[in-house]
1. On a 0 to 90° scale, report how tilted helix 67-79 is relative to the longest principal axis of the chain, with both axes built from alpha carbons and the result rounded to the nearest 10.
2. Once R0 is set to 41 Å, what does the formula 1/(1 + (r/R0)^6) return for the Cβ-Cβ distance between Trp115 and Ser147, expressed as a FRET efficiency to the nearest 0.05?
3. Whole-Hz Karplus ³J(HN,Hα) for segment 136-147, in order, using 6.51 cos²θ - 1.76 cosθ + 1.60 and θ = phi - 60°, x for Gly and Pro?
4. Picking from His22, His141, His166, which is most flexible by a Gaussian network model of the chain using Cα springs under 10 Å?
5. Whose amide H sits under 5 Å from the amide H of Thr142, counting only residues 5 or more places off or on another chain, with H placed in the peptide plane?
6. Just how far, in whole angstrom, is segment 82-137 from segment 1-55 if you go by their alpha carbon centroids?
7. Taking every DSSP beta bridge with both residues inside the chain, roughly what % is antiparallel (nearest 5)?
8. Rank-order 78-85, 105-112 by packing density, defined as the average count of other C-beta atoms within 10 Å over each peptide's residues, highest first.
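The values are calculated or read from the model by the stated rules, or taken from the named source; none is laboratory data. None of the values given here were measured: they were computed from a predicted structure. Here the Cβ positions follow ideal geometry from the backbone for every residue, glycine too, while neighbour counts run over all protein chains shown. Each accessible area value is taken on the protein alone, full model and side chains, heavy atoms only, with ligands, DNA and RNA left out. Shrake-Rupley method; radii C 1.70, N 1.55, O 1.52, S 1.80 Å.
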Amino acid sequence: MSGVSAVFLDRDGVLNRRPADHCYVAKIEDLQLLPGVAQGIRELRRGGFTPIVVSNQRGVSLGELDMRTLREIEAELKATGADVEAFYYCTHDLGDRCDCRKPLPGLLLSAASEWGLSLPDSLLIGDSESDIEAGIAAGCHTIRVASGPTRTRAEYTASDLRGAAHLAVARWGTAQPP
Ligand SMILES: [Mg+2]
Ligand SMILES: [Zn+2]
């Protein structure tokens, strides 16, 4: 293998309950971790994947929250067992023409160059089709988290992160030396 394998994780709807459309997790109290997240991430790590969050947080450019809040949320996620290695955000607005707002792959490409990742050995787990598009554009494997049947370009679907982790490790994982 030519580099580190990552699992790119969308945040809202994968690690924590997804806020309503056009709403943001703007303070710690808004953060509700989904069941099985700590176990799912542990299993992914054991399967050889470095967990990296890639999240659109347009609320920052809208003034709904700031980077300090995002860092506090990271700390809270880690404290509740979501053992994530790094967090990447697009904080731009829709009209900013950035290259990092998913479905564009900029966040994944930045992480890949900073962490020496092998993108074909990496995967993305997301609950929106824009996540899946970003994963495909970066040349990664993809799993869509969905509560029911969904039209998707993802290679697989799973009902939650734990299910996605099982699948990913069975399909693409590497045994870690004891
Ligand atoms: Mg999401
Ligand atoms: Zn951006």
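1. Its long axis makes an angle of about 40 degrees.
2. Calculated value: 0.85.
3. For segment 136-147, the Karplus curve yields 5, 4, 8, x, 9, 6, 9, 10, 9, 8, 8, 7 Hz.
4. The residue with the greatest mean-square fluctuation here is His22.
5. Under 5 Å from the amide H of Thr142: Leu124, Glu155, Tyr156.
6. Value for the Cα centre distance between the two parts: 12 Å.
7. Around 5 percent of the beta bridges assigned by DSSP in the chain are antiparallel ones.
8. Highest to lowest by the protection proxy: 105-112, 78-85.
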